[in-house]
Amino acid sequence: MAVETAVRPGPLGQAIIARDDETMSGSMVPRYPFVMERGLGAHVWDVDGNEYVDFAAGIAVNSTGHCHPKVVEAITQQAQKFLHIAGTDYYYEVQVRLAERLAGISGFEEGARVFLSNSGAEAVEGAIKLARWYTKRQNIIAFFGAFHGRTMGALSLTASKYVQKDGFYPLVPGVFHVPYNNPYRCAHGREEAACHAHCICADYSEETLFKRLVPPDSVAAIILEPIQGEGGYVVPDPAFVQQLRRICDQHGIMLISDEVQSGVGRSGSWWAINRLGVTPDIICSAKGIASGMPLGAIIAKKHIMTWPPGAHGTTFGGNPISCAAALATIDLIESEYMANAREQGAYIMDALEEMRGNHPTLKHARIQGMGLMVGAELVLDEQHTPAVAVRNAAEQYALANGLLILGCGQSAVRFCPPLMIERDTVQEGLIRFEQSLTQAEQDAGLL
Ligand SMILES: Cc1ncc(COP(=O)(O)O)c(C=O)c1O
């Protein structure tokens with residue numbers, strides 16, 4: 001079924017984009033000329049009245065969809081009571097309730113303590129401070145391809161695109177990057193099967209780093225995304241992550257799972273790392289936790305988060321409205337949407353597998369995912385040459401065809417819709433995606 005390809009944005013959208021160009025920081029130029037007017041569930045509308053299926057969810061944030069009535073109700077009720085009081089100086093119950101709820105879903109047998117922040121980067125900053133404080137060690141191991149945020153500490157851990165760091169050195173010292181398990185593009189140039197059978201990256205810290213650069217007892221933490229997000233929606237072999245857990249246990253290193261994008265049900269479990277058979281020591285959460293209200297969380301095993309009063313704090317973190325939104329969000333995810341993420345995610349994976357035959361850039365693509373965190377890395381051939389131009393064009397065609405979809409990595413497309421998305425909306429979105437891919441492949445002379 002063909003979809004009507006429209007000229008978007010319309011005049012109202014164009015006028016706002018022109019004003020944005022004049023005044024907003026040039027570091028944040030949106031990749032997509034979509035100007036939001038309103039949203040409902042997994043649909044959004046632009047200021048010119050055009051409708052879109054939302055496969056992006058504001059970068060995996062609108063977990064319960066746009067304006068879920070129960071989330072809006074929770075926000076409204078809290079807004080009528082108070083907007084802010086500062087958790088560093090005063091108590092409020094909605095924050096305590098959320099901390100209890102997050103401790104309950106942490107998966108930590110011993111229980112958890114929680115620090116609430118405003119964003120993902122802040123959660124990562126706090127987590128590395130906590131790991132340094134608890135271990136009394138300085139060094140941190142992170143992974144190539146990782147994205148942990150833009151503040152100085154989080155940026156130091158990030159190794160996704162150099163433009164994110166260029167001009168900002170020196171960063172936080174004591175960070176060492178090592179290869180991440182990705183058999184599709186083995187960092188050591190090995191065949192996919194060999195890499196799956198035994199990943200050398202998993203041994204890299206012990207075999208190379210600890211022997212040549214840093215003693216293990218100087219390492220405070222290993223931080224990883226259990227599914228690399230910005231880096232391309234790469235799902236590692238469970239054995240790789242289990243090996244990291246063993247290394248951490250052996251050397252007294254904290255394992256930090258950055259679940260900012262993959263957490264709070266998106267993977268089909270509360271935390272993606274649990275689906276890889278591993279329990280971390282510290283979890284960083286944000287994005288989908290409050291359906292779009294700004295909130296981050298550091299969730300740590302109880303015996304680890306024992307830092308003294310004043311060691312870490314925040315003015316806005318744990319904002320009461322964000323906490324109320326998070327509580328409503330977690331209820332909805334627990335009762336319905338985590339299961340839905342598994343179901344619709346599996347459907348999207350199957351649909352993409354079926355499309356392989358009709359699309360040259362999907363034929364040898366890496367199609368991977370967990371729950372509603374699915375990626376398709378478009379490539380031109382068996383050697384996995386990235387189909388960068390096709391991916392970029394497909395994203396722009398998608399917009400014209402009424403679909404919000406995001407790229408990631410060099411040539412991947414990510415499918416991260418709201419977790420409440422219904423099957424018919426998934427199908428409609430996939431039709432629009434396939435048409436966009438066809439148009440991009442035709443332009444490239446591949447069809
Ligand atoms: C895995 C991961 N960690 C951290 C961040 C930073 O979060 P924020 O943009 O809320 O600071 C992001 C954002 O994309 C992310 O995907």
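Annotations
- Taken as a whole, the structure leaves Lys302 outside the set of residues that are within 30 Å of Lys70 (Cβ to Cβ) and charged (D, E, K, R).
- Some residue of the stretch 371-394 being free of Cβ contacts under 8 Å to residues at least 24 places away in the same chain and closer than 30 Å to Trp270 by Cβ: no
- Residue under evaluation Glu125, criteria (1) without any contact (Cβ under 8 Å) to a residue 40 or more places away in the chain; (2) out of contact with any helix residue (DSSP H, G or I) (no Cβ under 6 Å at 6 or more places or on another chain); (3) in the same structural domain as Ser291 (by TED's automatic domain parsing), criterion not met: (2)
- Qualifying residues in the stretch 252-275 (those that are under 13 Å from the mean Cα position of the chain (by Cα) and of a type in the set (Ser, Thr, Tyr)) - the one nearest to the ligand (Cβ to nearest atom): Ser262
- When the stretch 146-164 is limited to residues that are away from the ligand (no atom under 11 Å from the Cβ) and modelled with pLDDT of 95 or more, the one that is nearest to the chain's Cα centre (by Cα) turns out to be Ala159.
- Annotation note: Cβ proximity below 6 Å between a residue of the stretch 215-236 that is farther than 30 Å from Ile405 by Cβ and a residue that is outside any loop (DSSP other than H, G, I, E, B) and within 14 Å of the ligand (Cβ to nearest atom) (sequence gap 6+ or interchain) occurs for Ala221/Ile256.
- One residue stands out among those in the stretch 212-232 that are under 18 Å from Ile304 (Cβ atoms) and of a type in the set (Gly, Ala, Ser): the one that is nearest to the ligand (Cβ to nearest atom), which is Ala221.
- Any hit, the stretch 96-116, residues being in contact with a Gly (Cβ under 8 Å, 6 or more places away or on another chain) and either closer than 27 Å to Gly402 by Cα or within 16 Å of the ligand (Cβ to nearest atom) (or both): yes
- All positions within the stretch 100-114 that are in contact with a strand residue (DSSP E or B) (Cβ under 7 Å, 6 or more places away or on another chain) and either free of Cβ contacts under 8 Å to residues at least 24 places away in the same chain or under 15 Å from Gly263 (Cβ atoms) (or both): Leu102, Ala103, Ser106, Phe108, Ala112, Val114
- Complete set of residues in the stretch 36-62 that are of a type outside the set (A, V, I, L, M), away from the ligand (no atom under 16 Å from the Cβ) and buried (at least 24 other Cβ atoms within 10 Å of the Cβ): Tyr52, Asp54, Phe55
- Residue, modelled with the highest pLDDT, within the stretch 6-29, restricted to residues that are exposed (fewer than 14 other Cβ atoms within 10 Å of the Cβ) and closer than 21 Å to Arg432 by Cα: Val7
- Applying the set (1) without any contact (Cβ under 8 Å) to a residue 40 or more places away in the chain; (2) surrounded by fewer than 23 Cβ atoms within 10 Å (Cβ to Cβ) to Ser257 leaves exactly one unmet item: (2).
- The listed residues are Gly317, Gly265, and the only one of them that is crowded, with 24+ Cβ neighbours inside 10 Å, within 24 Å of Gln228 (Cα to Cα) and small (Gly, Ala, Ser) turns out to be Gly265.
- Search result, residues across the stretch 260-279 that are in contact with a helix residue (DSSP H, G or I) (Cβ under 6 Å, 6 or more places away or on another chain) and free of Cβ contacts under 8 Å to residues at least 40 places away in the same chain: Gly277
- Residues of the stretch 276-321 classified as within 16 Å of the ligand (Cβ to nearest atom) and among the charged types (D, E, K, R), total: 1
- If you go through the stretch 119-145 and pick out every residue that is within 8 Å of the ligand (Cβ to nearest atom) and not β-branched (Val, Ile, Thr), you end up with 5.
- All positions within the stretch 106-129 that are among the hydrophobic types (A, V, I, L, M, F, W, C) and over 24 Å from Val61 (Cβ atoms): Phe108
The values are calculated or read from the model by the stated rules, or taken from the named source; none is laboratory data. Please read all numbers here as calculations on a predicted model, not as lab measurements. Heads up, the Cβs are rebuilt from the backbone with ideal geometry, glycines too, and the neighbour counts pull from every protein chain shown.
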